[in-house]
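Student: Have a look at this one.
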Amino acid sequence: MNITCTVNNKSIEAHVEPNKLLVDFLREDLGLTGTKNPLDFGQTGACTVLLDGQAVKSSMMLAVQADGKAIITVEGLSDDQELNNLQSRFEAFHAVQCGYCTPAALLVLTELLDRVAQPTEQEVREQLDSVLCRCTGFQNIVLAALDAAKGQQ
Ligand code: FES
């Protein structure tokens, strides 16, 4: 099946098999390997991308379901080589250890910060429910998100 979509603000036309997962399309066909595929049926959330601004698990949907949609992966969070506000807060607060969950954490928090300019700590923690970080204990991720929110006042 042919699909058209935008990926990181770039128009894409592609032929995909009807049973191809969105995560495989992104990683294998487009080379966007920031989206992880832990083969865990979405339990870690590491496959998260934004689909029309909503955080979705790309290993739980088919590529054909992205037809006509706008996808943002971690590679698309910054337009240039500079870290964006949230990414730079992750760096400043040491919110990254192995980095495996980081693309997903950045994307779910981007969704939250787009929706809620000044989220509470509780809202940040609830937003991170869908992402499993095995390294950080989440504390520095939460601090980074709250500081990023201050930066977008
Ligand atoms: Fe290692 Fe989150 S930094 S899983």
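Student: List the lysines whose Cα sits under 24 Å from the Cα of LYS69, skipping any in the same chain fewer than 8 residues away.
Tutor: Filter leaves LYS10, LYS20, LYS36, LYS57.
Student: Ordered by residue, what ³J(HN,Hα) values in Hz, to whole numbers, does the range 92-104 give under the Karplus form 6.51 cos²θ - 1.76 cosθ + 1.60, where θ = phi - 60° and Gly and Pro are x?
Tutor: In residue order, the calculated couplings are 5, 9, 6, 8, 10, 10, 6, x, 5, 8, 4, x, 5 Hz.
Student: Can you give the helix-only mean residue ellipticity at 222 nm for the chain, where every DSSP H stretch with n ≥ 4 adds -39500 (n - 2.57) and the sum goes over all residues, rounded to the nearest 500 deg cm²/dmol?
Tutor: Value at 222 nm, helices only: -8000 deg cm²/dmol.
Student: Report, to the nearest whole %, how much of the accessible area of the range 16-153 belongs to carbon and sulfur atoms, 1.4 Å probe, protein only.
Tutor: Here carbon and sulfur together make up 48 percent of the probe-accessible area.
Student: Just check the range 1-63 against the gyration tensor rule for me: Cα atoms, a ≥ b ≥ c as the square roots of the eigenvalues, rounded for a/c under 1.5, and otherwise prolate or oblate depending on whether a/b exceeds b/c.
Tutor: Judged from the Cα gyration tensor, the range 1-63 comes out prolate (a/c at least 1.5, a/b above b/c).
Student: What spacing in nm lies between the two simple spin-label points modelled at CYS135 and ALA70, each 7 Å away from Cα in the Cβ direction?
Tutor: Distance between the two pseudo-spin positions: 3.1 nm.
Student: If you don't mind, another one. For the chain, take the longest principal axis of its alpha carbons; what is the angle in degrees between that and the long axis of helix 139-151, to the nearest 10 within 0 to 90?
Tutor: 90 degrees
Student: Put a dot 7 Å past each Cα toward the Cβ at ALA92 and ASP79; how far apart are the dots in nm?
Tutor: About 2.2 nm separates the two model spin labels.
Student: Stokes-Einstein at 4 °C, 1.567 mPa s, Kirkwood radius from Cα pairs: D for the range 12-153 in µm² s⁻¹?
Tutor: The Stokes-Einstein estimate is 85 µm²/s.
Student: Taking a probe of 1.4 Å, how large is the accessible area per residue of the range 43-115, in Å²?
Tutor: With the other protein chains kept in place, the range 43-115 gives 46 Å² per residue.
Student: I want the antiparallel fraction of DSSP beta bridges within the chain, as a percent rounded to 5.
Tutor: For the chain, the DSSP antiparallel bridge percentage is about 85.
Student: So which GluC sites (Glu not before Pro) in the range 71-153 pass both tests, a DSSP loop state and at most 16 other Cβ atoms within 10 Å of the Cβ?
Tutor: GLU82
Student: Could you check the spin-label model distance between ARG115 and MET1? Points 7 Å from the Cα along Cα→Cβ, value in nm.
Tutor: Computed distance between label sites ARG115 and MET1 equals 2.6 nm.
The values are calculated or read from the model by the stated rules, or taken from the named source; none is laboratory data. Just so it is clear, the model here is predicted, and its values are computed rather than measured. Cβ atoms come from the backbone with ideal geometry, glycine included; neighbour counts cover every protein chain shown. These area figures cover heavy atoms from the full protein model, side chains too; ligands, DNA and RNA do not enter into them. Shrake-Rupley method; radii C 1.70, N 1.55, O 1.52, S 1.80 Å.
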